[in-house]
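Trainee: Next up is a structure, given as structure tokens.
The values are calculated or read from the model by the stated rules, or taken from the named source; none is laboratory data. Note that the coordinates shown come from a computational prediction; the quantities given were computed from them, not determined experimentally. Quick reminder, even Gly has a Cβ in these numbers, built from the backbone with ideal geometry, and neighbours come from all protein chains shown. To get the accessible areas, we keep the full protein, side chains included, count just its heavy atoms, and leave off ligands, DNA and RNA. Shrake-Rupley method; radii C 1.70, N 1.55, O 1.52, S 1.80 Å.
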Amino acid sequence: MSTDLDRSTVETAYARWAPIYDAVCGPVMVKGRRAAAAAACAIGGKILEVGVGTGLSFDDYDAGTEITGIDMSAPMLAKARAKMESGRYPHVRDVLQMDAHRMSFADATFDCVVAQFVITLVANPEQVLSECHRVVKPGGRIILVNHLYSEVGVAAAVERWAAKRTRALGLRPEFPFARLAAWAQSNAEAALIERRKVAPFYTLVCFERTPSIAA
Ligand SMILES: C[S@@+](CC[C@H](N)C(=O)[O-])C[C@H]1O[C@@H](n2cnc3c(N)ncnc32)[C@H](O)[C@@H]1O
């Protein structure tokens, strides 16, 4: 199994992806992106999108939400800002250059945190999950969508083979669900509440920040 991606590999990869990202990754990931946004809209209110990229999801949120996006890639964010400047997305409040490992938001700022196709490629997924947990309100949710490791069979073998060859592209096909579940188990105020398949080959995972035990 390969190790987590490092920050400079991801930054270099997404600087290269930015000019072609919407054309290549727009259609192929659209169902996963929409499923996560729909789950977030069901909660509504202030939504943080971690790894917002070029803002491909902006169309997927309804007007009653207030979206803040963060991403560490300036070239990806420039595309997102261009979409905002079109005036078509008044529900998108801001997009900010920020590392998901160290967010500048106060505790319990958001009703929901969404991360589409991000958690498998950050340098420290558990730290990012803990940051998402910190900035979401008690009772709020963290919604992830990703391709996750198939674990068995031919698909798993292909993913292990591809893992070594796609790192420079900022991709990681062999990230196991068990790591997400283990993070929730290690956090007394986090509960795994949903894990479901989204066609064609994605998984949506939802955690709830349960009210503080001390409260
Ligand atoms: C595969 S793209 C997904 C973009 C968007 N969520 C989508 O669905 O199209 C992954 C994004 O995560 C961003 N990213 C990776 N690591 C990050 C980190 N530590 N902090 C913030 N953004 C990060 C990358 O710059 C990139 O824009």
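Trainee: Quick one: which residues, 5 or more positions from VAL92 or on another chain, have an amide H under 5 Å from its amide H? H modelled 1.01 Å from N in the peptide plane, none for Pro or chain starts.
Mentor: Residues meeting the criterion, in which the H sits 1.01 Å from N, are ILE67.
Trainee: Could I ask something else about it? Restricting to Cα pairs below 8 Å that are 6+ residues apart, what does the relative contact order work out to for segment 108-213? Please round to a whole percent.
Mentor: With pairs under 8 Å counted, the relative contact order is 30 percent.
Trainee: Moving to a separate point now. What does the highest-first list of 176-186, 34-44 look like by mean Cβ count within 10 Å?
Mentor: Put in order of decreasing packing, that is 34-44, 176-186.
Trainee: How large is the accessible surface per residue of the chain, computed with a 1.4 Å probe and reported in Å² as a whole number?
Mentor: For the chain, the solvent-accessible area averages 46 Å² per residue.
Trainee: If you don't mind, another one. Packing-wise, with mean Cβ within 10 Å as the measure, how do 64-70, 133-139, 159-165 rank, highest first?
Mentor: 64-70, 133-139, 159-165
Trainee: If you don't mind, another one. Using a 1.4 Å probe, how large is the accessible area of SER86, given in Å² and rounded to the nearest 10?
Mentor: Only protein atoms counted, so the area is about 70 Å².
Trainee: Additional query: Add +1 for every Lys or Arg and -1 for every Asp or Glu among the other residues with Cβ under 13 Å from the Cβ of GLU174, and state the total.
Mentor: Summing Lys/Arg as +1 and Asp/Glu as -1 gives +3.
Trainee: Can I ask one more? Can you give the accessible area of LEU171 in Å² (nearest 10), computed on protein heavy atoms with a 1.4 Å probe?
Mentor: 70
Trainee: In a Gaussian network model over the chain where Cα atoms closer than 10 Å are linked, find which of ILE20, ILE143, ILE119 has the largest mean-square fluctuation.
Mentor: Highest fluctuation among the options: ILE20.
Trainee: Among THR120, PRO90, ILE142, whose Cα projects farthest towards the positive end of the dipole of the chain, with charges put on the beta-carbon of Lys, Arg (+1) and Asp, Glu (-1)?
Mentor: Value: THR120.
Trainee: Something else: Using just the helices of the chain, give the 222 nm mean residue ellipticity in deg cm²/dmol: DSSP H runs with n ≥ 4 each add -39,500 (n - 2.57), and the total is spread over all residues, rounded to 500.
Mentor: -12000 deg cm²/dmol
Trainee: Next question, about the same structure. Please report the spacing between the Cα centers of segment 107-130 and segment 19-46 in Å, no decimals.
Mentor: Between the Cα centres of segment 107-130 and segment 19-46 lies a distance of 15 Å.
Trainee: Evaluate Rg over Rh across the chain, taking Cα atoms for both radii and Kirkwood's formula for Rh.
Mentor: 0.94
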